[in-house]
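Written out below as C-alpha cells is the structure these notes cover.
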Amino acid sequence: MNFLKKLISILIIFGIIYFGVTWYLKPDKIKDVESTINPEVLVNYNHQIPSDKNIKLIDYKGYRIADIAYNDLVDMDEAAQKDGVILQINNSYRSTDEQKQMFNDKLISYQNEGYSYEEAYSQTKLTVQEPGYSEHQTGLAIDFSESGNQIHNDQMWDWLKQNAYKYGFILRYPEDKYDITKITYEPWHYRYVGKEVAKYITQNNLTLEEYVGGN
Ligand SMILES: [Zn+2]
C-alpha cells in the first residue's frame, strides 16, 4: 500500500513537470526566433537594411520568404490560381553575400561591354541595389517572372497590378516614380508591407518613400 502511494506521488510530480515544461515551450512563447523586422521598413539606395532585426525565413516553393509575409502570399497565390493565373516566383530573399555576387556579376558584364568602372557602376545601380541596400535582403520582396515567356509575364503583372494590394503587396518601382525610387520600372518586383498600408499606398498612387515620408 505504501509503495502504491509513493508510486502515485511520483507520477503526479512527473505529470506536473511534464505539463509545466510543455506549457513553457509552447510555440507562442518562443518569440526570439520570429521576425522582428517591421513590414513597413524602408530599404533603398539611402537606407540600409537594419542590422538589429531578425528575419525568419520560410520556404515557399523553393524560395525563401519572411514569415510575416508568408500567409498572405499563400492566399494571393490561391486567389490568382482561381482567376486562372499561375504566379511564378523567380527571386525572393537574398543574403548580403548573394546580393554582393549579383552586383559584381552585373558590374563585370557592363565592363566587358566596354564601359569604364565608374560608368559600369552607375549603370549597375539602375537595376541592382548595392549590398545591404536591397529589399530582397528583407525577405519581403518577391520578383514574379518567367524567363522567356512574355505572355505569361504580362498576364501575371496585370493580375498583380489589380490585386496584389489586397494581400499586402505593392508594386514597389512604378513607371512614373523613378525620381523618387531611383530604380527604373520593375513590373515584376512586389514588396510586402501589410494589407492596410498596401491598400493606402496603391489607392493613393504612392511609393513607400512617399508613404514613410523620406527618401
Ligand atoms: Zn526584385
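Coordinate-derived values only; no laboratory data. None of the values given here were measured: they were computed from a predicted structure. Here the Cβ positions follow ideal geometry from the backbone for every residue, glycine too, while neighbour counts run over all protein chains shown.
Key figures for this structure:
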| read-out | value |
| --- | --- |
| Mean residue ellipticity (222 nm) of the chain, computed from DSSP H runs ≥ 4 via -39,500 (n - 2.57), nearest 500 | -14000 deg cm²/dmol |
| Within segment 110-215: Cβ-based charge dipole about Cα centre, in debye rounded to nearest 20 (Lys, Arg +1; Asp, Glu -1) | 500 |
| Per-selection metrics, segment 155-201 (Cα): Rg and Dmax in Å | 10.3, 27 |
| Hz values of 3J(HN,Hα) by residue in segment 149-166 - Karplus curve (6.51, -1.76, 1.60), Gly and Pro given as x | 10, 5, 5, 5, 4, 4, 5, 5, 5, 5, 4, 5, 4, 7, 10, 4, 4, 5 |
| Segment 33-78 pair-distance distribution - Cα-Cα, 10 Å bins, rounded % | 25, 47, 26, 2 |
| Among Glu113, Glu40, Glu135, residue whose mean-square fluctuation peaks in a GNM of the chain (springs only between Cα atoms under 10 Å) | Glu113 |
| Linear extension gain, Phe14 paired with Lys166, 0.36 nm per residue minus alpha-carbon span | 49.8 nm |
| Label-point separation, Tyr115 to Ser51 (7 Å along Cα→Cβ), nm | 2.8 |
| Leading residue at positive end of dipole, the chain (Cβ point charges), from Ile10, Asn153, Ile142 | Ile10 |
| Gain in span if fully extended, Lys100 to Asp179, counting 0.36 nm per residue against the direct Cα distance | 26.0 nm |
| Segment 174-215: GluC sites (Glu not before Pro) in DSSP coil with no more than 11 other Cβ atoms inside 10 Å | Glu175 |
| Sequence ranges 95-103, 68-76, ranked by mean other-Cβ count within 10 angstrom, highest first | 68-76, 95-103 |
| Of Lys61/Lys100; Lys82/Lys182; Lys106/Lys166; Lys106/Lys195, pairs whose Cα-Cα distance is over 32 Å | Lys82/Lys182; Lys106/Lys166; Lys106/Lys195 |
| Relative contact order computed over the chain (Cα-Cα under 8 Å; 6+ residues apart), in percent | 20 |
| Estimated FRET transfer efficiency when R0 is 22 angstrom, pair Arg64-Glu40 (beta carbons, to 0.05) | 0.60 |
| Total charge dipole magnitude, the chain, about the Cα centre, Cβ charges on Lys, Arg, Asp, Glu only, Debye to nearest 20 | 1320 |
| Chymotrypsin sites (Phe, Trp or Tyr not before Pro) lying in DSSP loop within segment 141-215, provided at most 16 other Cβ fall within 10 Å | Tyr185 |
| Local electrostatic count at Val85 - Lys and Arg +1, Asp and Glu -1, tallied over other residues with Cβ under 13 Å | -4 |
| Listed residues Leu42, Leu160, Leu107, most fluctuating in the chain (Gaussian network, C-alpha, under 10 Å) | Leu107 |
| Proportion of all alpha-carbon pairs of the chain beyond 25 Å (%) | 48 |
| Of Ile65, Ile12, Ile170, the one that fluctuates the most in a GNM where the chain has Cα springs shorter than 10 Å | Ile12 |
